[in-house]
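Worksheet: one structure, shown below.
The values are calculated or read from the model by the stated rules, or taken from the named source; none is laboratory data. These figures come from a predicted structure and were not determined experimentally. Virtual Cβ from ideal backbone geometry, glycine too; neighbours counted across all protein chains shown. Ligands, DNA and RNA are excluded from the accessible area calculation, which covers all protein heavy atoms including side chains. Shrake-Rupley method; radii C 1.70, N 1.55, O 1.52, S 1.80 Å.
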Amino acid sequence: QVQLVESGGGSVQAGGSLRLSCAASGGTFSSYVMYWFRQAPGKEREFVARITWSVLTDYADSVKGRFTISRDNAKNTVYLQMNSLKPEDTAVYYCAAARSYGTKRPQAVDYWGQGTQVTVSS
């Protein structure tokens, strides 16, 4: 059983930056594909970024060039650096872990964190 705890959310003005962290415990962190998803009020949970054990990365088109996902296997932590934030980035951001490299849909995930709120004001 893997436990995921996010931190780093908050409120920021448009154009600002935030860095989210997700600390993992209870499993072999380096073997998991790590994801970030987000969910805005009234909307479905959507894929943001993922990183494999071999540090291959993948991003949603809406965040490409602004967000960077990274991982530190020694610290069992995955990060999401978010720059040039926009009001439409406002959402609860979820860290997630998957045993295999599958689709970008929430159904591909095996473990979820509790989420952290990101609010971007104009």
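Give me the percent of accessible area attributable to carbon and sulfur for the chain, probe 1.4 angstrom. Please report the intermediate quantities before stating the final value.
Details: 2870 of 6070 Å².
Of all accessible area on the chain, carbon and sulfur atoms account for 47 percent.
Taking the Kirkwood radius as the inverse of the mean 1/r across Cα pairs, report the Rg/Rh of the chain.
Numbers: Rg = 13.3 Å, Rh = 14.1 Å.
The Rg/Rh ratio comes out at 0.94.
By its C-alpha gyration tensor, with a ≥ b ≥ c as the square roots of the eigenvalues, how is region 63-109 shaped: rounded for a/c under 1.5, else prolate for a/b larger than b/c, else oblate?
Details: a/c = 2.14, a/b = 1.32, b/c = 1.62.
Oblate is the answer for region 63-109, as a/c is 1.5 or above yet b/c matches or exceeds a/b.
Let me understand region 1-69 better: what is its radius of gyration from the alpha carbons, and its Dmax, in angstrom?
For region 1-69, the Cα radius of gyration and maximum Cα-Cα distance read 13.3, 38 Å.
Lys and Arg at +1, Asp and Glu at -1: add these up for the other residues within a Cβ distance under 14 Å of ALA108 and post the number.
On the way: positive: ARG45, ARG50, ARG99, LYS104, ARG105; negative: GLU46, ASP58, ASP110.
So the environment of ALA108 carries a net charge of +2.
What list of ³J(HN,Hα) couplings, whole Hz, do you get for region 96-111 from phi and the Karplus terms 6.51, -1.76, 1.60, once you set θ to phi - 60° and write x for glycine and proline?
8, 10, 10, 6, 9, 8, x, 6, 9, 8, x, 5, 6, 8, 9, 9
Leaving out ligands and nucleic acids, note down the accessible area per residue over the chain with a 1.4 angstrom probe, in whole Å².
Numbers: 6070 Å² over 122 residues.
Normalised by residue count, the accessible surface of the chain is 50 Å².
What lysines sit close enough to LYS86 to cross-link, taking a C-alpha to C-alpha distance under 21 Å and skipping anything fewer than 8 places away on the same chain?
In chain and number order, the partners are LYS43, LYS64.
Given the protein chains as shown and a 1.4 Å probe, how many square angstrom of LYS104 are accessible, to the nearest 10?
80 Å²
How large is the accessible surface of ARG50 in square angstrom, using a 1.4 angstrom probe and rounding to the nearest 10?
10 Å²
How high is the relative contact order of the chain, given as a whole-number percent (alpha carbon pairs under 8 Å, six or more residues apart)?
Details: 297 pairs, mean separation 43.3, N = 122.
Answer for the chain is 36 percent.
Looking at the chain only, what percent of DSSP beta bridges run antiparallel? Nearest 5 please.
On the way: 37 of 41 bridges.
For the chain, the DSSP antiparallel bridge percentage is about 90.
Where in region 1-91 are there chymotrypsin sites (Phe, Trp or Tyr not before Pro) that are in a DSSP coil and have at most 16 other Cβ atoms within 10 angstrom of their Cβ? Walk me through the intermediate numbers first.
Values: sites: PHE29, TYR32, TYR35, TRP36, PHE37, PHE47, TRP53, TYR59, PHE67, TYR79; in loops: TYR32, TRP53.
Counting only loop positions with at most 16 other Cβ atoms within 10 Å, the chymotrypsin sites (Phe, Trp or Tyr not before Pro) in region 1-91 are TRP53.
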